[in-house]
Each structure stands twice: as structure tokens, then as C-alpha cells.
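Contents: one structure, followed by commentary.
The values are calculated or read from the model by the stated rules, or taken from the named source; none is laboratory data. Source: prediction; values computed, not measured. Quick reminder, even Gly has a Cβ in these numbers, built from the backbone with ideal geometry, and neighbours come from all protein chains shown. Heads up: the accessible areas ignore ligands, DNA and RNA and are worked out on the full protein's heavy atoms, side chains in. Shrake-Rupley method; radii C 1.70, N 1.55, O 1.52, S 1.80 Å.
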Amino acid sequence: MTDTVLLKAEGLAAWYGAAQILFDVGLEVRRGEVVALMGRNGAGKSTTLKTLMGMVSERQGGIQFMGQDLSRAEPHAVARLGLGYVPEDRRVFSDLTVLENLEVGRQPPRRWPDGSAAPGWTPEALFKLFPNLGEMPNRPGGRMSGGEQQMLTVARTLMGNPLLVLLDEPSEGVAPVIVEQMAQMILELKAQGVSILLSEQNMHFAELVSDRAYVLEKGQIRYQATMAELVANTEVRRAYLSM
């Protein structure tokens, strides 16, 4: 891991109509780092990721990615810069096969700010990362289980060769064996230098993969620390994370 800050957000606020969801949210993610955005349902985790991705039209605050100002950028422009996004609701193309879904996400190779080559992904490499997908390259997305669709959504995002992935609730509603594979996948990406900001409620999953954590409650960052410090802090977990 390096000290290079890839993504930095300051003073983020977001609204859906008249309702304000985020209040002065600030966070940063460094190169090769996995950061967990923790909080209960409705705390603002998904809205934070969508705001970073430019998917919330009513927003304020500063967003810098790789030295570029994304504060007013559209989602397609954000994706082209190398910020990947895996939504919670999967959104695979149900009529397209696994291979066709992957092809939709393809983007050119990328380089880090220092000029070195960033990790590049091919279907073959992704089938090693997700063996389940490798066994069904010609299966339509609509004929896959929820966990398989979750893997396909991640794999399709990786075909864009992202430098940082926003991953929304990867362990939500999938079988334990898939959760385990998701954790392995995140650690593999981290080993290759890719950064991940993941929205998560599952403390065990977050602890397995994350270096640091931010805790959200009612759209505000209430606590930030290393993952180990959060795990050890019973008071914070009881106040903001217990169901």
C-alpha cells in the first residue's frame, strides 16, 4: 500500500428532492487500500457511493479522484477515469450471456499517476478469480443465481480496469460460500494494488478485508479508525452498528 490518495471527498451533501441524506461527509481512499463504509440500513452508505459516482443530481461538496475534480462530473465521465461502481441491486443484462455481459464493461488499459501499468483484466483472468463464471460463459444473466449475478456484476466492472472500485453491500443476501469468494476476490484485488471502498453492514466480512473504516449514522460520519480499532471499540459498535 502507498500513501497516494486516489479518492478524496470533502463536505459532501446530497438530497433526494427536499430530503437531505448526507451532511458534510468527508473520506479518503489510498492506493491499494480497502476502506469500509459501515452503518445500519438507511445510514446513507449507498447514497455516499452514488454521490461519489455522480449519480445523485442534487449534491454539494468536493470530490477529487486521481487529481481530477469530479464534483460536477457525470457518471460516464467518472467511469472513464477509472472509478468502478458495483451497485447493490446487481443489474446484469439478463438476455446477454456471461461473456457478453463482460464485453459490455470493457475499457482500455490504464496507468497509475506515476506512469506504471495498472492491473488489466480479461475474461480469462476473471474466470480464474470467479471459477463459477468460468463454468458458464454462455449462460444468460437471467438464468443465474443471485450470488452468481453478484459475481458477474463485479467481473463486468473489473473489465473497465478500474483503479478504485465502489462496492455496495457485496455480502448482502448471498450464500455464505459466495461471501467467502467475495472476500477472497477483494483481497486479490488489493494484492494487485486496486483500491476498494465498500459499503457494508456485515462486521465479520468487513473485518476480513478492510484496512480502515468510516461509520455513518443519519448521513454523517460519526467515527473513523483502523478496522482493528473499530472491532475493539464495543461502545461505537453498539451505538452505530448493532441492529
*Compute the signed sum of charges (Lys and Arg +1, Asp and Glu -1) over the other residues within less than 11 Å, Cβ to Cβ, of G219.*
+1
*Once Lys and Arg get +1 and Asp and Glu get -1 on their Cβ, which of A9, A19, L52 lies farthest toward the positive end of the dipole of the range 8-55?*
L52
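About the Cα centre of the range 104-198, how large is the charge dipole given +1 on each Lys and Arg Cβ and -1 on each Asp and Glu Cβ? Please answer in debye to the nearest 20.
Details: 8 positive and 9 negative charges, 75 e Å.
For the range 104-198, the charge dipole is close to 360 debye.
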*For the chain, with all protein chains present and a 1.4 Å probe, just round the carbon and sulfur fraction of the accessible area to a whole percent.*
49
*At what distance in nm do the modelled label points of R110 and E235 sit from each other, each positioned 7 Å from its Cα along Cα→Cβ?*
3.9
*Let a ≥ b ≥ c be the square roots of the eigenvalues of the Cα gyration tensor of the range 116-216; is it rounded (a/c under 1.5), or, if not, prolate (a/b larger than b/c) or oblate?*
oblate
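State to the nearest 20 debye the size of the charge dipole of the chain about its Cα centre, where the only charges are +1 on K and R beta carbons and -1 on D and E beta carbons.
Details: 24 positive and 28 negative charges, 52 e Å.
Roughly 260 debye for the chain.
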*Under the Karplus curve 6.51 cos²θ - 1.76 cosθ + 1.60, θ = phi - 60°, whole-Hz ³J(HN,Hα) for the range 163-169, x wherever Gly or Pro sits*: 8, 9, 10, 8, 10, 9, 6
*asked:* Given points 7 Å out from each Cα along the Cα-Cβ axis, report the E10 to K218 separation in nanometres with one decimal.
replied: 2.7
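If the viscosity is 0.692 mPa s and the temperature 37 °C, what Stokes-Einstein diffusion coefficient in µm²/s follows for the range 35-152 when Rh is the Kirkwood radius over Cα pairs?
Estimated via Stokes-Einstein, D reaches 200 µm²/s.
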_Extension gain (nm, one decimal) between Q20 and H76, 0.36 nm per residue minus Cα-Cα_ = 17.7 nm
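With +1 on the Cβ of every Lys and Arg and -1 on the Cβ of every Asp and Glu, and nothing else charged, how large is the dipole of the range 76-120 about its Cα centre, in debye rounded to the nearest 20?
Details: 6 positive and 6 negative charges, 45 e Å.
That gives the range 76-120 a dipole magnitude of about 220 debye.
Rounded if a/c is under 1.5, else prolate if a/b is larger than b/c, else oblate: which is the range 14-92, with a ≥ b ≥ c the root eigenvalues of its Cα gyration tensor? Walk me through the intermediate numbers first.
Values: a/c = 1.31, a/b = 1.19, b/c = 1.10.
Rounded is the answer for the range 14-92, as its axis ratio a/c remains below 1.5.
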*asked:* Let me check against my output: what whole-number percent is the relative contact order of the chain, with C-alpha pairs under 8 Å and at least 6 apart?
replied: 27
_the range 105-243: relative contact order as a whole-number percent, Cα under 8 Å and 6+ apart_ = 19
*Please report how far the C-alpha centroid of the range 1-68 lies from that of the range 149-178, rounded to the nearest whole angstrom.*
18
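With the cut-off at 19 Å, tell me which of the pairs K50/K218; K50/K128; K8/K45 have Cα atoms farther apart than that.
Numbers: K50/K218 16 Å; K50/K128 29 Å; K8/K45 16 Å.
The pairs that break the limit, which is 19 Å between Cα atoms, are K50/K128.
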_On a 1.4 Å probe surface of the protein chains, which of R106, R143, R40, R156 comes out largest in accessible area, and what is the full order?_
R143, R106, R40, R156
*Cα shape, the range 181-243, gyration tensor, a/c 1.5 rule*: prolate
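Mean separation of Cα pairs under 8 Å and 6+ residues apart, divided by the residue count of the range 157-207: what relative contact order is that in percent?
51
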*Which stretch or stretches of the range 166-197 have amide N atoms under 13 Å from the point lying 7 Å from S94's Cα along the Cα→Cβ direction?*
none
